[in-house]
Structures are given as C-alpha cells and as structure tokens.
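> The structure that follows is given in the form of structure tokens.
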Amino acid sequence: MGEELGRWAEPGLLVLTSLAEGAKHGYAITMDVAEQAGVTLGPGTLYAALQRLEQRGLIEGLPAEGRRRPYRLTAAGAAELSAQAERMRRLATLSLDRLQVRPT
C-alpha cells in the first residue's frame, strides 16, 4: 500500500497489531494494546484510529454485539501491517548495528 498512516501511525499500528490476532471491539483492543505494548489508548485516540483505518480499508467493522462493535483486519490491513513491521525490523537492525562499538 505504501501510504503512510500519518500522525496516527503509532495508534494505527497498535490497533492493526491487536486485530492481527482476531476480531475485537474497542475495549478489548485497548486492553490488548495496554497489556502487550504497555500503551494506554484513550477513547478519542482509539476511535479516531479505528475510523481512519476503516476509511482506508485496513479494517472493517462487523455487526454490533449489543453495544459493542467488533472490528477485524482486512487483507489490505494485513499487508500494510506486514510492510510496516518489515520496515521497522530493517530500521531496528540498522540502528542496533550502528550502535555497536566498532574496533578502531
């Protein structure tokens, strides 16, 4: 996809990562992100990220379960998450390699 997620990149990537495990509603995403990444997504941040991801076709809303609406990752969302994770892996590897002390 190549399109940057803009200023919502971090919350968006956290949401995509959470949904890679399976469909979840907002509260379950918040709890998963807090537990796995140590990041607390406030309701405004979470629902803004969900809206942007859904508008971009990276996630889709499922029929509501009572008052809760679950979301799931789309194929485009999985591809974007994979591309972003690979980009981050390359950057992390480069950063760690460059931080190593090299003999003179």
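> Out of L53, L41, I need the residue that is under 16 Å from L19 (Cα atoms) and part of a loop (DSSP other than H, G, I, E, B). Which one?
Just one listed residue meets the conditions, L41.
Residue by residue, here is whether (1) touching a helix residue (DSSP H, G or I) at 6+ places or on another chain (Cβ under 6 Å); (2) farther than 15 Å from K24 by Cα; (3) surrounded by fewer than 14 Cβ atoms within 10 Å (Cβ to Cβ) holds:
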site	(1), (2), (3)
Q36	no, no, yes
G42	no, yes, yes
A48	no, yes, no
R52	yes, yes, no
A76	no, yes, no
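> Mind telling me which of the residues L16, L46 ends up being in contact with a Pro (Cβ under 8 Å, 6 or more places away or on another chain), at pLDDT 95 or above and part of a helix (DSSP H, G or I)?
Going through L16, L46 in turn, the sole match is L46.
> Okay, next question. Test of understanding: among L62, L14, which residue is within 21 Å of R89 (Cβ to Cβ) and not β-branched (V, I, T)?
Testing whether each residue is within 21 Å of R89 (Cβ to Cβ) and not β-branched (V, I, T) leaves just L14.
> Looking at the structure I just gave you, is A83 of a type in the set (G, A, S), under 16 Å from A23 (Cβ atoms), outside any loop (DSSP other than H, G, I, E, B) and touching a residue at least 12 places away in the same chain (Cβ under 8 Å)?
In short, no.
> Considering only the range 58-94, how many residues are hydroxyl-bearing (S, T, Y) and either at pLDDT below 90 or in contact with a Lys or Arg (Cβ under 8 Å, 6 or more places away or on another chain) (or both)?
Residues that pass the stated criteria total 1.
> Give me the residue from the range 62-80 that is outside any strand (DSSP E or B) and not aliphatic (A, V, I, L, M) and, out of that set, farthest from the chain's Cα centre (by Cα).
So, considering only residues that are outside any strand (DSSP E or B) and not aliphatic (A, V, I, L, M), the one farthest from the chain's Cα centre (by Cα) is G66.
> OK, next. State yes or no: is D97 of a type in the set (D, E, K, R) and surrounded by 10 or more Cβ atoms within 10 Å (Cβ to Cβ)?
It is false that D97 is of a type in the set (D, E, K, R) and surrounded by 10 or more Cβ atoms within 10 Å (Cβ to Cβ).
The values are calculated or read from the model by the stated rules, or taken from the named source; none is laboratory data. Because the structure is a prediction, the values reported are computed rather than measured. Reconstructed Cβ throughout: ideal geometry from the backbone, glycine too, with neighbour counts over all protein chains shown.
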